[in-house]
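Nothing in this text is a laboratory measurement; each read-out follows from the coordinates by a stated rule. Predicted, not measured: the structure shown is a model, and the values here were computed from it. Every residue, glycine as well, gets a Cβ built from its backbone with ideal geometry; the counts of neighbours run over all protein chains shown.
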Amino acid sequence: MISSPEPLVVRPFGRSFLAPSRDFVARGRALGLGAEWDRGGVLIGRVLAVGTMLVVAACTGEDPDDEVSVTPVTLPTVTAVPDAFPGKSWQRAEQGDWSKLDATLGRTGSTCVAVIKNGELVHDAYWNGGSEHGPHRVYSITKSLTALLLGMAADEGYLTLDDTASEEIDEWRIGAATEVSIRDLLSMTSGRHWDEAADNRMIRDEADKTTYAVNLPQDRPPGTKWVYDNSAAQALESVLDDVYETGDVADIAEDRLLDPLGMRDTTWARDQAGNALTFSGVESTCLDLARVGHLMLNRGSWDGKRLVSAGFVQQSTRPSSDLNAAYGLLWWVNGEGRIVEVLRQAGYATDKPPHEGRLAPNVPDDAFWAYGYGDQYVAVVPSEGVVAVRLGARPASPDDLTFDGFTSGVLKGLGVE
């Protein structure tokens, strides 16, 4: 399931001094001086990232050392909006007609909604006991935050996304999992074992979820099938734990992501063995999660400080394979092609069959989302400078609050047709 409910152990964050213990010569690994191969084993090549970084630096005016791109990429055509950033609270600027959206959200079990336009809070509302500072379980939105931690590790030279995960996960150094890359785990194409019973066992029953996840068998070669796999996302906890060598991924998240964004009402749960839950462990608020969306809208930059590279943001928010045009790197995207949705894993009775098209045909194709069980949404529409967050209970029907319905409803509230 997409982060369905399970027993959690939530502890207050402890402060940790995260002094990198690896030689920063490892930065060279992040320069992408390798090659990419297609499924038939044919070399398709890779441009040296050093030149790409210099071009990016020339275009952005930033020091290339501040922004290590994991693989050579072209910057998005939609530029970051030169907008405001919140301090302790969002600057308010009431705008739009929210009567229709609020009516829909109120009847579908929502606890809160927040809409940001160009860095200002233009609308927020609360129902069913929700409040500005009252956290809600956000389920698989956690995965998208986990992706940002991997992007930061790549930017800092600890790894590249095309490294084999077996470099960090000892259990995978021998056997069929040796060729699974970090990118395969982020794109849900790892080929790790998945079935509903195994997924539910990891989510609900296992005290040490990371150990369970990394010890599942390998079903097929990586890159050959798209499967929404919670255990694959939890295996990334082992990767982060190894590269930072701190023993506490939740502290890494606090120091490198939550604190810099000012997410004061957000916590990250651990399992009973003390592992951060990288597939589903965050509790947060609409206003806090809007900060994550605003970071992504601004391509990884927060109020003049680079938290994660623009290149990584771009890779995360574009289709990561032709196996599912609706999925990037632990972010849902609006790509054109074969679409695979996961309604059953989101808590609904049946799935839609795979189909051609876009996930949200009535919103701009640059839109992307963090999404969790029960229709928790962080929607970002860069071309409109919009971030919108909805949290709450699962609606009765999967048609009540779709990617398309929620996001287009926000845009209509702003007068964008």
Of the listed links Lys143/Lys412; Lys100/Lys412; Lys100/Lys352; Lys352/Lys412; Lys88/Lys305, those spanning more than 20 angstrom between alpha carbons are Lys143/Lys412; Lys100/Lys352; Lys352/Lys412
Summed over the other residues with a beta carbon less than 9 angstrom from that of Tyr373, with K and R at +1 and D and E at -1, the charge totals +1
Taking Rh as the Kirkwood radius computed over alpha-carbon pairs of the stretch 80-413 and applying Stokes-Einstein at 4 °C with viscosity 1.567 mPa s, one gets a diffusion coefficient in µm² s⁻¹ of 66 µm²/s
Taking 0.36 nm per residue of separation between Glu336 and Thr350 and subtracting their Cα-Cα distance, the length gained on full extension comes to 2.7 nm
The correct pair for the stretch 159-241, radius of gyration to one decimal and Dmax as a whole number, both in Å and from Cα atoms, is 11.4, 33
Between Gln91 and Lys225, the two model label points (7 Å from Cα along the beta-carbon direction) sit apart by a distance in nm of 5.2 nm
With x for Gly and Pro, the residue-by-residue ³J(HN,Hα) of the stretch 282-294, computed from phi through the Karplus equation 6.51 cos²θ - 1.76 cosθ + 1.60 at θ = phi - 60° and given in whole Hz, is 8, 10, 7, 10, 4, 6, 5, 5, 4, 5, 5, x, 5
